[in-house]
Amino acid sequence: AKKEKTSARRAKQDLASCKNLLSCLECHEHAWPFLLPVNTKQFPQYKKAIKTPMDLSTIKRKLQEGSYKHKGEFASDVRLIFSNCEEFNEDYSPVGRAGHCMRQYFEQQWAQM
Ligand SMILES: Cc1ncccc1N[C@@H](C)c1ccc2c(c1)OCCCO2
């Protein structure tokens, strides 16, 4: 029972840390391209090019729904945002640069979790 308690407590702490880190990502000045799912009417080629779209609002919903069994799954979805960004956007485009900046910020914060 003691072992289960500590692991349940750690899971709770991890969830709180992921929610906190997500808020920091959402309010980052370069988060604007990643806040909502890419509008495929605005970018028709996006649907074909990007097999698994991901965005910060989707991650927020998944956190709230308890879809992540481990904090590593949360990190994989965040990294998916930035790999999709690199695949679709030129490195030096505004969105491409925002992606690199946000990825660097995320990895810095993640390393301290
Ligand atoms: C992350 C990402 N990857 C590929 C395409 C778009 C996006 N993000 C969307 C939210 C977006 C970014 C830039 C935009 C845009 C919309 O509105 C049209 C006008 C130009 O500026």
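No value in this document is a laboratory result; all are computed from the given coordinates. From a predicted model like this one, the values you see are computed outputs, not experimental measurements. For neighbour counting, all protein chains shown are included, and Cβ atoms are generated from backbone atoms with ideal geometry for every residue, glycine included.
Roughly how compact is the range 51-108, stated as its Cα Rg over 2.2 N^0.38 Å to two decimals?
On the way: Rg = 12.0 Å, N = 58, 2.2 N^0.38 = 10.3 Å.
Relative to the 2.2 N^0.38 Å estimate, the range 51-108 comes out at 1.16.
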| note | Cα-Cα longer than 31 Å, checked against 12/41; 41/69; 2/51; 2/62; 2/69; 48/71, kept in input order, equals 12/41; 41/69; 2/51
| message | From zero outward in steps of 10 Å, how is the percent of C-alpha pairs of the chain spread across the bins? | response | 13, 44, 29, 10, 3, 0
| note | Given unit charges at Cβ for Lys, Arg (+) and Asp, Glu (-), the dipole magnitude of the chain about its Cα centre in debye, nearest 20, is 740 debye
